Amino acid sequence: MTSQAEDIDAIIEASVTRLFIRHGLVHDRARRNVPLGEAGYDPGGWKEIQEAGLTFAMLEERHGGVGMKNGFNIARLAGANALPFPLCETMAANWLLAAVGLEPSDSALTLAEQPLQLQRAGGGWRLSGEACDVPWGRSCGLVALAAYEAQMYLIHCSHGQFATIPGINAAGEPRDLCKFDCAVTLDRIAPVPRSCGPQTVVLLGAALRSAQIAGAGRAVLIMAVDYARERRQFGRAIGGFQAVQQLLATMATHAAAARAAADLAIESAADGLSERPIAAAKVRAGEAAGVIAAVAHQVVGAIGFTREHPLHTLTHRLWSWRDEFGGESAWATTLGRQLAEAGGAALWSEITAI
Amino acid sequence: MVDPLSFLTPPKSAVAETLRQEIRAFLEDELAHRSPLERAHSWNGADPQFSRRLGARGWIGMTWPKRYGGAERSALERYVVIEELLAAGAPVAAHWIADRQSGPTLLRFGTQRQCLDILPRVARGECYFCIGMSEPDVGSDLAAVKTRAVHAEGGYRVSGTKLWTTNGHLAHYMILLARTDAAAAERHAGLSQFVIDLSTPGISIKPIYVPSGEHHFNEVIFDDVFVPADTLLGTEGDGWQQVMSELALERSGPERFLSSFTLFAELVRVCGSQPSERAALAIGRLASHLIILRRMSRSVAGIRHCRRQWSRMPVQSSNRKSRRLRVASSVRAVHPAATHTMRPCWPTPSCMLPPSRCGVALGRFFAASSRAAWDCAKGEYSDRFGIIRSG
């Protein structure tokens, strides 16, 4: 990487971090107590994020973004700050729209993990089906895949075109059931290149969640380290006890692995959305999420188990995100099946190609 | 300020990938009749003839200067060679330690004469080393070494016992850590390293067998052994810094997660092309750990390739250093090393990895004196936690 590219990344990271500290849930106790509201997010905060241009961040620079890699790094920072907005989904959805030549959207967007059903109707199209656990489905436009006669299409539905039944994940983030039965105008549908299959959205989402897990995992580790340095028992900081140091070291190894996994997923996303690296990354990030969250609660003890303390805003997200866009078991089974089919003699070749 | 938990993207190298195909072809030929059980010995399997043939191809001491028998190839190329050797279960044990750490330690601290005398033979796969650190009473607490090297006319007299000496029975040399100054004020001072010719009179090597009956480990006893002054490696009294530097070379490499690769490949073979769901899940989980560990390991190789962080530098920081240097050196010393000793394992009921020397070191790093590093790394939390942002 050129040092100029590194400088740009550092500038983006610094300015985005400042914005996310203000709007995330980790630092501001008051924000944590704000009810979700109708949209499932605070419209004022979302406006500031839009004004910063972040909703288009994954697009290439000539289209107003900072590139896919930087976009995913922004997702990682969003994870680190427990950002309560559909920013990651909007960035990814806009990337998909631009990739197929549709108009990116000004407003909040979300993704349907699995393809929906598409029929021809009159001179146009009709979209039907259901998508569950849609992030902020209740208040966003939605981007989905659907197949028709062996061709995959990307469809952009506006908020209001589909019915939603609200729900939440373990972190209280909106995860809604969406039911589709609507017409699709020609400016809202485009064929997807042959290289992109029905897994395109779930792969993109898995890469996003891996990045968010990496960010949140690191933030949790820092919280636990800080606590261990400040909390005193038996006449010393609890971080002075080797047992606690071992716990922190365990967390750190998983946080490092999660970051490496996220980087692998991000590179794959930016380079053709290859399934195997993203599968491996999501498996590893998911496992790391579980260990980090559990061990952090052990270290931070009772105070970390209060609503008032920010730890839960991150640990609950870690627990939620590891299951979204494919959990560890699903991706591990997919990866394992592919490697088994290639056979033991080919295993090393397969691994080095990932 | 580098995030101590992040690993730079491993660099791509077309040259290294071409080399990969070359070594694969070599190994297919060499190891055609090697059974999975033999391959599973991995870097515990010793075959001096194989080491010589590998040396003849220029694949030992690859990154060393040509004047010392090396090939001046990049760390990335070396990495490709060693990971292919390990994945194939090649019998690399005889030369492994010499190539990985003894040779580089000589390059770092040795005299030109020591290098000229020894390194070309190592690079040819003819000269093998073992490690002289652990003792019966000295494992994790390396500073407690008891082996003494007292001054004598023209050299030193060495007495003590080294233990768990891998392939000491095959090695020609040992890099020995011994105490040269018993009166040193601080336990990390007064240590020195020596390049000991194991054929020196007074050294006895006794085998230690592991439960499988295999012989890798040894007990090496020094009974008032005279060694000439020119066996001193580096500077007398600098043994601690030198041995810490040597130990860093033992970390992060692919052998840390490829030792069991043959077993993994056999598992995949045995599970067949249509495995059960549980088998597929197990394979996928193992693969995911392997892939991520490999990425981190290759990243460290990439750093070595750029020759940024691994030149002569004392690993243990002293109080005299400025805060920023202390931060930088402790981050460099601990971060890639400690995080790479984690190996894939099934979670125990409490989701804890077994304690390890490096795990605790990393924990101490985080929990104790390296506040500055964390301040830098978490600058964005300064407002919330009231920690002063560091420069």
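Here are some notes:
- Failed item in (1) in contact with a helix residue (DSSP H, G or I) (Cβ under 8 Å, 6 or more places away or on another chain); (2) away from chain A (no Cβ under 14 Å), with B:Ala56 passing the rest: (1)
- Hey, B:Arg100 more than 14 Å from every other protein chain (Cβ to nearest Cβ), in a helix (DSSP H, G or I), in contact with a Leu (Cβ under 9 Å, 6 or more places away or on another chain) and modelled with pLDDT of 95 or more or not: yes
- Any hit, the range B:68-80, residues being in contact with a strand residue (DSSP E or B) (Cβ under 9 Å, 6 or more places away or on another chain) and part of a loop (DSSP other than H, G, I, E, B): no
- For the range A:42-51, a residue qualifies if it is crowded, with 17+ Cβ neighbours inside 10 Å and either at pLDDT 95 or above or more than 20 Å from the chain's Cα centre (by Cα) (or both), and the qualifying residues are A:Trp46, A:Ile49, A:Gln50.
- One residue stands out among those in the range A:189-221 that are of a type in the set (Val, Ile, Thr) and crowded, with 23+ Cβ neighbours inside 10 Å: the one that is nearest to A:Gln119 (Cα to Cα), which is A:Val201.
- Scanning the range B:154-190 for residues that are basic (Lys, Arg) and not in a loop (DSSP other than H, G, I, E, B) gives B:Arg157, B:Lys162, B:Arg179.
- Residue that is aliphatic (A, V, I, L, M), within 26 Å of A:Pro277 (Cβ to Cβ) and out of contact with any Leu (no Cβ under 7 Å at 6 or more places or on another chain), where the choices are B:Leu232, B:Leu258, B:Leu290, B:Leu249: B:Leu290
- One residue from A:Ala294, A:Ala342, A:Ala269, A:Ala332 being crowded, with 24+ Cβ neighbours inside 10 Å and within 11 Å of chain B (Cβ to nearest Cβ): A:Ala332
- Lone unmet requirement of (1) in a strand (DSSP E or B); (2) surrounded by fewer than 17 Cβ atoms within 10 Å (Cβ to Cβ) for A:Ala170: (1)
- Restricting the search to strands (runs of 3 or more DSSP E) fully inside the range A:96-159 and requiring at least 2 residues that are in contact (Cβ under 8 Å) with a residue 60 or more places away in the chain and not polar (S, T, N, Q) gives A:116-121, A:124-135.
- Meets criteria (part of a helix (DSSP H, G or I), within 14 Å of chain A (Cβ to nearest Cβ), modelled with pLDDT of 95 or more and in contact with a strand residue (DSSP E or B) (Cβ under 6 Å, 6 or more places away or on another chain)) for B:Leu27: no
- Residues (within 16 Å of the chain's Cα centre (by Cα) and among the aromatic types (Phe, Trp, Tyr)) located in the range B:52-109: B:Tyr79, B:Trp96
- If you go through the range A:100-113 and keep only what is surrounded by 15 or more Cβ atoms within 10 Å (Cβ to Cβ) and either closer than 16 Å to A:Glu324 by Cβ or touching a strand residue (DSSP E or B) at 6+ places or on another chain (Cβ under 8 Å) (or both), you end up with A:Val100, A:Leu102, A:Ser105, A:Ala108, A:Leu109, A:Thr110, A:Leu111, A:Ala112, A:Glu113.
- Residue match in the range A:173-191 (condition: modelled with pLDDT of 95 or more, part of a loop (DSSP other than H, G, I, E, B), away from every other protein chain (no Cβ under 14 Å) and under 20 Å from A:Pro86 (Cα atoms)): yes
- Taking the range A:300-349 as the range and being among the small types (Gly, Ala, Ser), more than 26 Å from the chain's Cα centre (by Cα) and part of a helix (DSSP H, G or I) as the test, the residues that pass are A:Ala340, A:Ala342, A:Gly344, A:Ala345, A:Ala346, A:Ser349.
- Residue list for the range A:302-321, restricted to those being basic (Lys, Arg) and either farther than 25 Å from A:Val291 by Cβ or surrounded by fewer than 23 Cβ atoms within 10 Å (Cβ to Cβ) (or both): A:Arg307
- Qualifying residue in the range B:152-167 (condition: basic (Lys, Arg) and over 23 Å from B:Asp117 (Cβ atoms)): no
- Selection status of A:Val244, at the interface with chain B (Cβ under 8 Å from one of its Cβ atoms), of a type outside the set (Phe, Trp, Tyr), in contact (Cβ under 8 Å) with a residue 24 or more places away in the chain and over 16 Å from A:Glu287 (Cα atoms): yes
- Among the criteria (1) among the polar types (S, T, N, Q); (2) surrounded by fewer than 13 Cβ atoms within 10 Å (Cβ to Cβ); (3) under 20 Å from the mean Cα position of the chain (by Cα), the one A:Thr55 does not fulfil is (2).
- Those helices (runs of 4 or more DSSP H) of the range B:191-306 in which at least 1 residues are within 10 Å of chain A (Cβ to nearest Cβ), considering only elements entirely within it, cover B:255-258, B:261-271, B:277-305.
- Within the range A:212-229, residues that are within 8 Å of another protein chain (Cβ to nearest Cβ) sit with their Cβ atoms under 7 Å from residues that are of a type in the set (Ser, Thr, Tyr) and surrounded by fewer than 24 Cβ atoms within 10 Å (Cβ to Cβ), at 6+ positions apart or across chains, in these pairs: A:Ile222/B:Tyr381.
- Evaluation of A:Met68 against (1) under 27 Å from A:Ala293 (Cβ atoms); (2) hydrophobic (A, V, I, L, M, F, W, C); (3) in contact (Cβ under 8 Å) with a residue 60 or more places away in the chain (one fails), failing number: (1)
The values are calculated or read from the model by the stated rules, or taken from the named source; none is laboratory data. Since the structure is predicted, the reported quantities are computational estimates derived from the model, not experimental observations. Cβ sites come from the backbone with ideal geometry, for glycine too, and all protein chains shown count toward neighbours.
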